[in-house]
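To start, the structure under review is shown below, and the notes come after it.
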Amino acid sequence: MISKLEKKITLRYLRTRKSDGFINIISIFSFIGISLGVAVLIIVMSVMNGFRTELISKIIGSNPHIIVKSYQNDINLKKIENLKKLKKIEKILISADGQAVIVNKNYTKGIQLRGYKKNSFQNLDLVKNKTFEGNKKLNHKHISIGKELSYNLNVNIGDKIVLMSPSGIESIVGTLPKQDTFIIDSIFESGLIEFDDNVAFININDLQGFMNLKENEKSIEIFLNNPNNVNQLKEIISNIFVDSFIYTWNDLNKSLFSALKVERNVMFIILSLIIIVAAFNIISGLTILIKNKTKEIAILKTLGLSNESIKKSFFLTGLTIGFFATTSGIFLGILFSINIEKIRIFLSSVFKFEIFPSDIYFLEKLPSEINLNSVLIIFFISLLISAIASYLPARRISKMSTFRALRYE
């Protein structure tokens, strides 16, 4: 318990006099340093959490959650009925994919083609998006391309483009690349620029003929109500399709998310050093304060106040600075994280410099997600560092000689 006298002593040393001006400056720097350290840590963690969440949502929205592909034999479509009985599955689509070269005037580019049935295409999330333009069905000899690709090709809905297939046509002069003309029927926008620039959709029958695909090269795409349950469902689906290769959105992007996790942890450790450095100011301030108040401490001991009580008072002085600095840093960090996109736009307009280029980070705006657990961890770590920094100089009080202090001070 903290006695009233200990509280009074703590408040007394928190309100330094003019003669203690240097100590006051150190306390201010300690407060500012810890506040900024905590705020920066929360901002960086919020941005990295937001970046990961936004990236996952974009990837999940543009790709199936689970894909079933056959090794050699055709996929037994009768087993799909067993999948439909699983309550956690939202929808099941049949698809095929392949690579082609898109040609339009002087522009040539390799793209990934994905084929769906005429009426299945409209079940994709990116088709349900408000930004989707055009026909939501994949008609024969029609194609749906991304917004970024339409900019690069300088085409719009109704225009024609030529696709070249890697599968050739035998002729008198040898093997010639197969090519066909498709009409742009719709333009989608997934939110991932890389996806919008490299993926296009056509009718699955057109894709099979164009790429010379066999029936066993089709895939089953499974979409879940909750994509986070993908690992649980993968085991169940593996028991249904024993002779097929099954992989999830997590498997396809494992290296990316592992790198993000490592980067977040490393950034947390590095930025925590800011708080540690700021905590050294508390050690310096309290050490100088104890040195300057040696006579007063000796008088308090003479009046009967124990070493523990005096030690506790100085400890509380440093901890109070750390607590309020941490609290203000959390408030500042959360406020900054909430308005980070507005701040980014403001700074970009002032300095005429793109702070978060979408062509590099694949996202159109700077994401931010405040995680309560991260904030609590930062709060307790900052308090722990402040407590250690306050305890170290306070320990010296027990070693102080009352007689020497009264005689020489």
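The values are calculated or read from the model by the stated rules, or taken from the named source; none is laboratory data. Here the structure is a predicted model, which is why all the values come from computation and not from measurement. Positions of Cβ are backbone-derived with ideal geometry, glycine not excepted, and every protein chain shown enters the neighbour counts. Remember, those area values only see protein heavy atoms, side chains included, never the ligands or the DNA or RNA. Shrake-Rupley method; radii C 1.70, N 1.55, O 1.52, S 1.80 Å.
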Quick one: would you say Glu263 is farther than 15 Å from Ile56 by Cα and over 23 Å from the mean Cα position of the chain (by Cα)? no
Within the range 22-29, can one find any residue that is hydroxyl-bearing (Ser, Thr, Tyr) and modelled with pLDDT of 80 or more? no
What is the number of the single condition among (1) over 25 Å from Thr53 (Cα atoms); (2) open to solvent by less than 60 Å² (accessible area, probe 1.4 Å) that Lys214 does not meet? (2)
Residues in the range 139-167 that are outside any strand (DSSP E or B) and of a type in the set (S, T, N, Q): how many? 5
When you look at Arg404, is it within 30 Å of Lys311 (Cα to Cα) and either part of a helix (DSSP H, G or I) or modelled with pLDDT of 80 or more (or both), yes or no? yes
Considering only residues of the range 64-81 that are crowded, with 20+ Cβ neighbours inside 10 Å and β-branched (Val, Ile, Thr), which is modelled with the lowest pLDDT? Ile75
Candidate set from the range 238-260 (those that are farther than 23 Å from Asn49 by Cα, in contact (Cβ under 8 Å) with a residue 12 or more places away in the chain and part of a loop (DSSP other than H, G, I, E, B)); member that is nearest to the chain's Cα centre (by Cα): Phe241
Condition set touching a helix residue (DSSP H, G or I) at 6+ places or on another chain (Cβ under 6 Å) and in a strand (DSSP E or B), scope the range 181-200, selection surrounded by the fewest Cβ atoms within 10 Å (Cβ to Cβ): answer is Ile187
Filter the range 82-111 down to the residues that are under 29 Å from the mean Cα position of the chain (by Cα) and modelled with pLDDT under 80, then identify the one that is surrounded by the most Cβ atoms within 10 Å (Cβ to Cβ). Ile89
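Okay, residues lined up against (1) in contact with a Phe, Trp or Tyr (Cβ under 7 Å, 6 or more places away or on another chain); (2) more than 22 Å from Leu316 (Cβ to Cβ); (3) at pLDDT below 80:
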{"residue": "Ile222", "(1), (2), (3)": "no, yes, no"}
{"residue": "Asn226", "(1), (2), (3)": "no, yes, yes"}
{"residue": "Asn239", "(1), (2), (3)": "no, yes, yes"}
{"residue": "Ser244", "(1), (2), (3)": "yes, yes, yes"}
{"residue": "Asn250", "(1), (2), (3)": "no, yes, yes"}
{"residue": "Ala278", "(1), (2), (3)": "no, no, yes"}
{"residue": "Ile297", "(1), (2), (3)": "no, no, yes"}
